[in-house]
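Asks: After the C-alpha cells below, expect a handful of questions from me.
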Amino acid sequence: MKKQKLPRKHIPQRTCVGCREVLSKKELVRIVRTSEGILVDPTGKLNGRGAYIHLQKECWERALKGSLSKALKTELSEQDKKYLEAYELNLPESTSRLQD
C-alpha cells in the first residue's frame, strides 16, 4: 500500500523593494498605487499596482529613495512621500533577523 502524500499548501512569496529579500507575503506590508494616490494596504487586497516592503525603517528609507516609485511605475508626489514617511515613523529600527 502506497503512502498518500498530502499536497503542501502554497505560500505566496514577495520581494521587499527595499532590501530585495524574498519572504512570504504575510511578512511584508503592501503599498498600492490607486487613482486616489499611494496607500498602505494592510489587507493586501486593494485594487491597484502594488509593491511590498518589510516593516523596518531601513527598508522603507531605501524604498523611498527610488525603488518604490520604480516598482509602482509612478513618480511619488510630495504628499505621497509625506504619507509614507509618517507611516515609517511608527516602524521598528530593525529586527534581529540577521542574528542567530
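Asks: For the stretch 19-62, give me each residue that is touching a helix residue (DSSP H, G or I) at 6+ places or on another chain (Cβ under 8 Å), within 17 Å of Glu93 (Cβ to Cβ) and either acidic (Asp, Glu) or surrounded by 18 or more Cβ atoms within 10 Å (Cβ to Cβ) (or both).
Replies: Result: Ile53, His54, Trp60, Glu61.
Asks: Which one is farthest from Arg20 (Cα to Cα), of the residues in the stretch 56-89 that are acidic (Asp, Glu) and part of a helix (DSSP H, G or I)?
Replies: From the stretch 56-89, those acidic (Asp, Glu) are 58, 61, 75, 78, 80, 85, 88; that's our starting set.
Checking which are part of a helix (DSSP H, G or I) leaves us with 58, 61, 78, 80, 85, 88.
Working: Glu58: 12, Glu61: 13, Glu78: 25, Asp80: 22, Glu85: 20, Glu88: 18 Å.
Taking the candidates together, the pick is Glu78.
Asks: Please go through the stretch 5-55 and give me each residue that is over 18 Å from Lys73 (Cβ atoms), assigned to a loop (DSSP other than H, G, I, E, B) and among the hydroxyl-bearing types (Ser, Thr, Tyr), ordered by number.
Replies: Within the stretch 5-55, Thr43 is the sole residue that qualifies.
Asks: Let me ask something else. Any residue in the stretch 61-68 that is free of Cβ contacts under 8 Å to residues at least 12 places away in the same chain, under 23 Å from Gln13 (Cβ atoms) and among the hydroxyl-bearing types (Ser, Thr, Tyr)?
Replies: no
Asks: Could you give me the residue pairs with C-beta distances under 7 Å whose first residue belongs to the stretch 70-88 and is at pLDDT 90 or above, whose second residue is surrounded by 18 or more Cβ atoms within 10 Å (Cβ to Cβ) and small (Gly, Ala, Ser) wherever it lies, and which are 6+ apart or on separate chains?
Replies: Ala71/Ala51; Leu72/Ala51; Glu75/Ser69; Leu76/Ser69
Asks: What's the number of the condition Asp80 fails, among (1) surrounded by fewer than 18 Cβ atoms within 10 Å (Cβ to Cβ); (2) over 15 Å from the mean Cα position of the chain (by Cα)?
Replies: Condition (1) is where Asp80 drops out.
Asks: Let me ask you something else. Go through the stretch 51-62 and give me each residue that's within 19 Å of Lys26 (Cα to Cα) and at pLDDT below 95.
Replies: Residues satisfying the conditions are His54, Leu55, Gln56, Lys57, Glu58, Cys59, Trp60.
The values are calculated or read from the model by the stated rules, or taken from the named source; none is laboratory data. Just so you know, these numbers come straight off a predicted model, no measurement behind them. In this analysis, Cβ positions are derived from the backbone assuming ideal geometry, glycine residues included, and neighbour counts consider all displayed protein chains.
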